[in-house]
Amino acid sequence: MYRKSPDQPVSRRRAVPRFAVRTLAVLVLLGLWQAVAMALDNPSFIPAPKAVADRLLLLSTTHDGIRGYSGSLLIEHLGVSLRRILIGSVIGVVGGLVLGVVLGTVPWIRIVAEPVVTFVRALPPLAYFSLLIIWFGIDETPKLWLLAIAALPPVAVATAAAVHGAPTDLVEAAKALGASRRQVIQDVVLPNALPEIFTGVRLAVGIAYSSVVAAETVNGVPGIGGMVRDAQRYLQTDVVVVGLLAIGISGLLIDGILRVAEKRLIPWRGRS
Amino acid sequence: MSSPPDLDRATAVHAHEVEHVYGGGRDAVTALGPLSLEVPQGSFLVIVGASGCGKSTLLRLIAGFEQPTSGTVRTGGDQPVPGKGAGIVFQQPRLFPWKSVGGNIELALRYAGVPREERARQIPELLRRVGLHDVAHRRIWQISGGQQQRVAIARALAGDNPLLLLDEPFAALDALTRERLQEDLRRVSAETGRTSVFVTHSVEEAVFLGSRVVVLTRRPGRIALDLDIPLPRTGLEPDELRALPEYAALRATVSQAVRTAAALRGK
Ligand SMILES: Nc1ncnc2c1ncn2[C@@H]1O[C@H](COP(=O)(O)OP(=O)(O)O)[C@@H](O)[C@H]1O
Ligand SMILES: [Mg+2]
């Protein structure tokens, strides 16, 4: 018989106050921000919300012949960065998946490669960016490499752990049905690992997101990180704040999209 | 002391002087045997014994998941290999939650080499055989535990293996559901006529389902009683069957043997 998930009405009941509480928190934060900005009265240190809002408008339009920031609108800066994140993440996720499956299934490769993955994972992206610039110049290539390398380890580690820890009872059930080794991996081990892989993907996209600012420290305009960095040089604090808000809010949106995709793709998560 | 096993193909399962030891050295546990057993084609053998006496081990040897430490096991005259010749139902349904109910059956048929159009035709047929209707599209967590175990049985029937192995498949179900599944399994087994080896610790279940009941001693499990159950396999309602005077007598015999076997060491 079809049983309605018992937590459905509960979460719907809780959704309204949660939204209210969050809105209230944002308003309180805005109020505090306004108060501190007024008390300090130093826009280069803390620009007031109104100043940031005005700057947002200027960055999003062509004004007195000036188009956004450095010739690109805010949305274009953001778009360029998101494109870099997307390409870098896709390469990193695919690479991490393949590496993770190999690490999880071939013991001697895991022994050799696991310390390398852990080593790369521990490095801050800025640390290897210099090397990537020496190798690939200052255009798109080193930026995409940086993001891909940053995104790969969390996916590889999550995939390897999940593949390695495949439940023996389900693997045995598949073998009892006559599944070959390849079929066991394809039909049992990988689908079973999907929830953990997805957690790794969300982590990877988050890391790629926070690395894009590092990737855009060199020749990063257009790009939201490049914009923030240039604005910092010229003490355009309001531009810096607009950039930070754009990065943070789009990051929240992307994580939200990934969460929805997860619910769709992995409906069995937490069910068995 | 031991003659070579008679590899008659009419014998579905053939176990000869089988002994199984887990681990080695000081941690060695002799789980089973020595034990010899022949299961003719078409019979429904029920193995009864206390928990830990080696029932699952015996079934895993027949399935080919374990190799005997000594002695030989043959199914259909060959060395058993998992996925070849035997469908297995475990205590837990072990269904794949990323597949729908129908998807689980489909996978079994695909592994058995059944072509695509034929699979689509067989899925509802297999589900109907275990008493399920209109559930093929459901997700695993949307059906009850009893229905899940029915799906597991349908999955084990897919691919037309000559042998069906069941390891306490109803032990985790509530009493009412268990009785319904026992009745349906008895009917299915009579319909399909395939050889079954069913493991349980319930005397009631053993006498109701089996055409033959083997009682094992405590670990290491050896045969304490080997009894034919000459009850009709078809034509009687479950309640009529349970009401037969022979039924009560057989149940008493098996029950007595189980009680004695529990006091008996294998050696
Ligand atoms: N993989 C294993 N390793 C070591 N000992 C085991 C293993 N599997 C089962 N045993 C032991 O073998 C004995 C028989 O187990 P089992 O066949 O599962 O019994 P039953 O199914 O009758 O409860 C038990 O004492 C159990 O602890
Ligand atoms: Mg057992």
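The values are calculated or read from the model by the stated rules, or taken from the named source; none is laboratory data. Since the model is a prediction, treat every value here as computed from it, not as a measurement. Counting neighbours? That spans all protein chains shown, and the Cβs are built from the backbone with ideal geometry, glycine included.
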>> Being in the same structural domain as B:Arg233 (by TED's automatic domain parsing), within 13 Å of ligand 2 (Cβ to nearest atom) and out of contact with any Ser or Thr (no Cβ under 7 Å at 6 or more places or on another chain) is true for just one of B:Gly71, B:Gly49. Which residue is that?
In response: B:Gly49
> Has segment B:228-249 got any residue that is within 21 Å of B:Leu37 (Cα to Cα) and within 16 Å of ligand 2 (Cβ to nearest atom)?
Replying inline: no
>> Can you find a residue that is assigned to a helix (DSSP H, G or I), within 14 Å of another protein chain (Cβ to nearest Cβ) and touching a residue at least 12 places away in the same chain (Cβ under 8 Å) anywhere in segment A:207-229?
In response: no
>> Looking at B:Gln182, B:Gln149, can you tell me which residue is out of contact with any strand residue (DSSP E or B) (no Cβ under 7 Å at 6 or more places or on another chain) and away from ligand 2 (no atom under 16 Å from the Cβ)?
In response: B:Gln182
> Quick check: anything in segment B:113-125 surrounded by fewer than 21 Cβ atoms within 10 Å (Cβ to Cβ), more than 10 Å from chain A (Cβ to nearest Cβ) and in contact (Cβ under 8 Å) with a residue 60 or more places away in the chain?
Replying inline: no
>> Looking at A:Val117, A:Val163, A:Val102 in this structure, which one is within 22 Å of the chain's Cα centre (by Cα) and not basic (Lys, Arg)?
In response: A:Val117
> Which helices (runs of 4 or more DSSP H) does segment B:149-267 wholly contain that include 3 or more residues that are closer than 30 Å to A:Ala173 by Cβ?
Replying inline: B:175-192, B:203-209
> For segment A:41-124, which helices (runs of 4 or more DSSP H) that fit wholly inside it have 2 or more residues that are buried (at least 20 other Cβ atoms within 10 Å of the Cβ)?
Replying inline: A:49-59, A:74-105
>> Can you go through B:Gly23, B:Gly54, B:Gly77 and tell me which one is away from chain A (no Cβ under 14 Å), more than 27 Å from B:Thr192 (Cβ to Cβ) and away from ligand 2 (no atom under 13 Å from the Cβ)?
In response: B:Gly23
> Got a sec? Which of B:Ala108, B:Ala86 is within 14 Å of chain A (Cβ to nearest Cβ), surrounded by 19 or more Cβ atoms within 10 Å (Cβ to Cβ), under 30 Å from B:Gly54 (Cα atoms) and touching a strand residue (DSSP E or B) at 6+ places or on another chain (Cβ under 6 Å)?
Replying inline: B:Ala86
